[in-house]
1. Checking residue 116 against (1) within 12 Å of the ligand (Cβ to nearest atom); (2) closer than 22 Å to residue 193 by Cα; (3) crowded, with 22+ Cβ neighbours inside 10 Å, which test does it fail?
2. Given the condition assigned to a helix (DSSP H, G or I), in contact with a helix residue (DSSP H, G or I) (Cβ under 7 Å, 6 or more places away or on another chain) and at pLDDT 95 or above, answer yes or no: does some residue in region 72-87 qualify?
3. Where the second residue is within 12 Å of the ligand (Cβ to nearest atom) and assigned to a loop (DSSP other than H, G, I, E, B) and the first is within 17 Å of residue 169 (Cα to Cα) and in contact (Cβ under 8 Å) with a residue 12 or more places away in the chain and lies in region 63-79, which pairs have Cβ atoms under 8 Å and are six or more apart or on separate chains?
4. Is there a residue in region 130-138 that is more than 17 Å from the chain's Cα centre (by Cα), touching a residue at least 24 places away in the same chain (Cβ under 8 Å) and closer than 21 Å to residue 210 by Cβ?
5. Given the condition crowded, with 17+ Cβ neighbours inside 10 Å, within 13 Å of the ligand (Cβ to nearest atom) and farther than 22 Å from residue 127 by Cβ, answer yes or no: does some residue in region 179-196 qualify?
6. I'm trying to understand the selection: among the residues of region 64-94, which are touching a strand residue (DSSP E or B) at 6+ places or on another chain (Cβ under 7 Å) and surrounded by 21 or more Cβ atoms within 10 Å (Cβ to Cβ)?
7. Could you go through region 120-140 and let me know if any residue there is part of a helix (DSSP H, G or I) and either within 30 Å of residue 194 (Cα to Cα) or within 15 Å of the ligand (Cβ to nearest atom) (or both).
8. May I ask you to say which residue of 24, 41 is under 25 Å from residue 197 (Cα atoms) and in a loop (DSSP other than H, G, I, E, B)?
Ligand SMILES: [Zn+2]
């Protein structure tokens with residue numbers, strides 16, 4: 001039987017789909033709400049991140065303006081902060097929150113924050129494993145090779161570990177942003193709380209991804225009969 005059309009898989013994934021939907025709606029909603037609230041400092045997202053980086057001695061980390069909506073990220077390869085137009089140019093609490101969160105990743109990188117190192121090291125492995133998992137599971141099914149199928153499931157486990165290690169990395173970047181937005185004089189403490197709400201909502205999307213990854217893994221483990229109780 002083709003696992004892809006297994007209704008059991010859908011049942012497994014329903015909680016993940018619901019959580020992903022809530023997280024996405026909450027992130028967009030909170031971002032939108034606080035994108036209408038200007039910070040009293042009148043700093044843009046880019047200026048806020050620049051100040052946070054400079055006050056931490058990271059004057060050499062460049063800030064780029066990139067296309068997209070919520071496409072903001074820190075690139076450890078070339079040590080650049082890549083901010084979407086909304087975040088880069090606006091003086092809103094949402095923009096400042098996201099920009100300082102990305103600056104938080106640059107700080108993690110500069111201080112050798114271990115979960116970030118671990119996560120970066122896993123990136124190439126995870127890129128292979130996300131495709132490899134399906135390929136080996138399918139091969140295992142067609143060739144009736146339980147070893148190959150198990151290898152495929154092991155690759156799913158790699159994806160889950162990656163999603164799991166992403167959680168402390170994201171939480172910590174937000175924690176740094178929340179602290180430093182205030183200590184670096186970027187926003188007032190009350191404003192930092194609202195900007196923090198945007199970051200908390202965004203964190204939910206990483207939780208949803210981890211839950212989805214875990215449920216997929218559990219589903220395939222169940223199919224392999226590793227959890228006992230095979231339904232066929
Ligand atoms: Zn992040």
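1. (2)
2. Yes: one or more hits.
3. Within 8 Å, no pair qualifies.
4. yes
5. No; the residues of region 179-196 include none that is crowded, with 17+ Cβ neighbours inside 10 Å, within 13 Å of the ligand (Cβ to nearest atom) and farther than 22 Å from residue 127 by Cβ.
6. Across region 64-94, the qualifying residues are 72, 74, 81, 83, 88, 92.
7. Yes, some residue in region 120-140 is part of a helix (DSSP H, G or I) and either within 30 Å of residue 194 (Cα to Cα) or within 15 Å of the ligand (Cβ to nearest atom) (or both).
8. After ruling out the rest, the residue left standing is 41.
The values are calculated or read from the model by the stated rules, or taken from the named source; none is laboratory data. Remember, it's a predicted structure, so these values are computed and weren't measured experimentally. Neighbour counts are summed over all protein chains in view; Cβ atoms, including those assigned to glycine, are modelled from backbone coordinates with ideal geometry.
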